[in-house]
Amino acid sequence: MSNSAFRSEQSCIELVGLTVSYGSTLALRPVDLTLYDGVTGLFGPNGAGKSTLLRVLAGLLRPTSGNATLFGEEIRASRESIRRRIGYVGHESGLYARLSVIENLTLFANLYGVASTRVEDVLERLDMSERRTTQVGALSAGLVRRVAVARAVLHEPDVLLLDEPYANLDDDASERVSATVLDWRAPGRVAIIATHGAKRVKAFADAGIIIQRGAVISYRRRTATGYEVAT
Amino acid sequence: MAERGFVAKTTLLIRKDLLVETRARDTLPPMLAFCLTVALLLAFSLPGNAVMQDVVEVPIGTVALADVIAGFLWITILFAGLIGFARTFEVERADGALDALLLVPLDRSGLFAAKALSNLVYIAVVEIVLVPVFTLFFTLELGADWLVLVLVIALVDIGFVAIGTLFASLAAQTRSRELILPVLALPSLVPIFIAAVELTSDLFAGGGLGAVAARGWFGILLLFDLVFVTVGALAFEFAVD
């Protein structure tokens, strides 16, 4: 797994004074960040605000205050130009349990205008070809996670948001997910992978953010010699 | 591969809903079970030898039997529909599929149309079963006016599924969605169901297309269909976002 072939340079996501409140609970304190292309790990304990931040970036949750822009455009899932650029896997799979793996992926491929050969490619990449006709509801949690990642990368989005993609995965499957992300990675594309197990993502991430109690406490970007503090 | 258009994507989502239902069978069977049970109970509530022109004594006076049976029919359809609509977004909610759907490049009105048309299929199946059952239990004799009844049912269904789907999308975001949906939907549905009962009782009493067309309720039904479909398609975006 290569982690040195990429040097992120292009500003993709800007967050300015972003806050999210659930009633009286402040889930995200004012967040000011510039995220560059490449893979960014989003680390922090349970309840730190990682999922909330990803949902805001996906346009699925409106911030209470502040701004979030993607390639200069305000992030809102109601904007078609924004949402076709986003691939998102949340805590849940986003799949239909009564449909087979291939039926699920073909449905989303057709909705995104993706060729069926791409479905086969992604299935092969994630080693799911043999399970293509199995109903998702009959798969183990780890296999469902792999199909969910397949769905998210299917349309080759510019922004890939993965919330705990390694949950329930064994080492081999985790490697395949990481390889899929690296395969997808290209200049101008940004992936944010939220996880509370930092080790796996640190191995190939171009940047890392640590978030605690809704506040960003560290943001570092990989350089040729190590890491530099970013803003 | 060229990206599909609005109609093709909407059709894909309808096919998905129907495929999931044929495998899960958790929407239509409860609706049908409710309808058949209620129809059976209602059949025993009327005198066995009554005919459509009879009147029935009620505490506030008398009412034509045709009105009573039309009321029975539409109340049964109304509550069966609410049972089904409450499950409209269950398949999307179960594993977070709604988030994935909200991110696909399809206008929100396409999602609304897909859900509403899936509901239309469910309610049509219920009616295809229920109307013959009512015909049998209540000895309905419509002759050539069956087609007029089908027209009335179709017009009622359009407004019913439009407003039912919209409120189902709102109710789906609450914990007690099965309770919230009737509370939200019933007040809005009153006008079209009054129109439905009035027009259907005319048919049951022997009035044909001319009698139905001459009633103001026909126009009211058309008006509410137009309003409900328009409001549903426009407001759905705010409901799901």
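Assorted remarks:
- Considering (1) under 26 Å from B:Leu65 (Cβ atoms); (2) aromatic (Phe, Trp, Tyr); (3) open to solvent by 60 Å² or more (accessible area, probe 1.4 Å), the lone condition that B:Phe238 does not fulfil carries the number (1).
- Criterion: away from chain B (no Cβ under 13 Å), closer than 26 Å to B:Asp107 by Cα and surrounded by fewer than 17 Cβ atoms within 10 Å (Cβ to Cβ) - qualifying residue of A:Gly72, A:Gly17: A:Gly72
- For A:Arg79, the requirement of being within 14 Å of chain B (Cβ to nearest Cβ), surrounded by fewer than 20 Cβ atoms within 10 Å (Cβ to Cβ) and basic (Lys, Arg) is met.
- Helices (runs of 4 or more DSSP H) enclosed by region A:90-174 - at least 2 residues per element that are without any contact (Cβ under 8 Å) to a residue 24 or more places away in the chain, of a type in the set (D, E, K, R) and open to solvent by 60 Å² or more (accessible area, probe 1.4 Å): A:116-125
- Criterion violated by B:Val231 - all others in (1) touching a residue at least 40 places away in the same chain (Cβ under 8 Å); (2) open to solvent by less than 60 Å² (accessible area, probe 1.4 Å) satisfied: (2)
- Any chance A:Pro187 is of a type outside the set (D, E, K, R), in a loop (DSSP other than H, G, I, E, B) and open to solvent by less than 10 Å² (accessible area, probe 1.4 Å): no
- Scanning region A:206-231 for residues that are assigned to a strand (DSSP E or B) and among the hydrophobic types (A, V, I, L, M, F, W, C) turns up A:Ala207, A:Ile209, A:Ile210, A:Ile211, A:Ala215, A:Val216, A:Ile217, A:Val229.
- Counting the residues of region B:1-47 that are away from every other protein chain (no Cβ under 12 Å), part of a helix (DSSP H, G or I) and free of Cβ contacts under 8 Å to residues at least 12 places away in the same chain gives 5.
- Exactly one residue out of B:Thr10, B:Thr37, B:Thr27, B:Thr62 is out of contact with any Leu (no Cβ under 9 Å at 6 or more places or on another chain), surrounded by 20 or more Cβ atoms within 10 Å (Cβ to Cβ) and among the hydroxyl-bearing types (Ser, Thr, Tyr), and it is B:Thr27.
- Segments classed as helices (runs of 4 or more DSSP H), wholly inside region B:85-168, with at least 3 members that are open to solvent by 10 Å² or more (accessible area, probe 1.4 Å) and more than 30 Å from A:Val144 (Cα to Cα): B:108-138
- Exactly one residue out of A:Gly17, A:Gly47 is part of a loop (DSSP other than H, G, I, E, B) and of a type outside the set (Asp, Glu), and it is A:Gly47.
Rundown of residues vs (1) away from chain A (no Cβ under 14 Å); (2) in contact (Cβ under 8 Å) with a residue 60 or more places away in the chain; (3) not hydroxyl-bearing (Ser, Thr, Tyr), yes/no style:
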{"position": "B:Phe89", "(1), (2), (3)": "no, yes, yes"}
{"position": "B:Leu102", "(1), (2), (3)": "no, yes, yes"}
{"position": "B:Asp107", "(1), (2), (3)": "no, yes, yes"}
{"position": "B:Ala114", "(1), (2), (3)": "no, yes, yes"}
{"position": "B:Leu130", "(1), (2), (3)": "yes, yes, yes"}
{"position": "B:Thr135", "(1), (2), (3)": "yes, no, no"}
{"position": "B:Val156", "(1), (2), (3)": "yes, yes, yes"}
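- Residue list for region B:157-197, restricted to those being farther than 18 Å from B:Glu127 by Cα and acidic (Asp, Glu): B:Glu178
- One residue alone among A:Gly44, A:Gly137, A:Gly59, A:Gly94 is of a type outside the set (A, V, I, L, M) and away from every other protein chain (no Cβ under 14 Å), and that residue is A:Gly44.
- Matching residues, region B:169-190, being in a helix (DSSP H, G or I) and polar (S, T, N, Q): B:Ser169, B:Ser188
- A count restricted to region A:201-227 and to residues that are open to solvent by 70 Å² or more (accessible area, probe 1.4 Å), of a type outside the set (A, V, I, L, M, F, W, C) and without any contact (Cβ under 8 Å) to a residue 40 or more places away in the chain stands at 3.
- For region B:196-209, filtered to residues that are open to solvent by less than 40 Å² (accessible area, probe 1.4 Å) and more than 14 Å from B:Ile77 (Cα to Cα), the residue that is nearest to the chain's Cα centre (by Cα) is B:Leu199.
The values are calculated or read from the model by the stated rules, or taken from the named source; none is laboratory data. As the structure is a computational prediction, the values presented were derived from the model and not from experiment. As a convention, Cβ positions derive from the backbone with ideal geometry for all residues, glycine included, and neighbour counts pool all protein chains shown. To get the accessible areas, we keep the full protein, side chains included, count just its heavy atoms, and leave off ligands, DNA and RNA. Shrake-Rupley method; radii C 1.70, N 1.55, O 1.52, S 1.80 Å.
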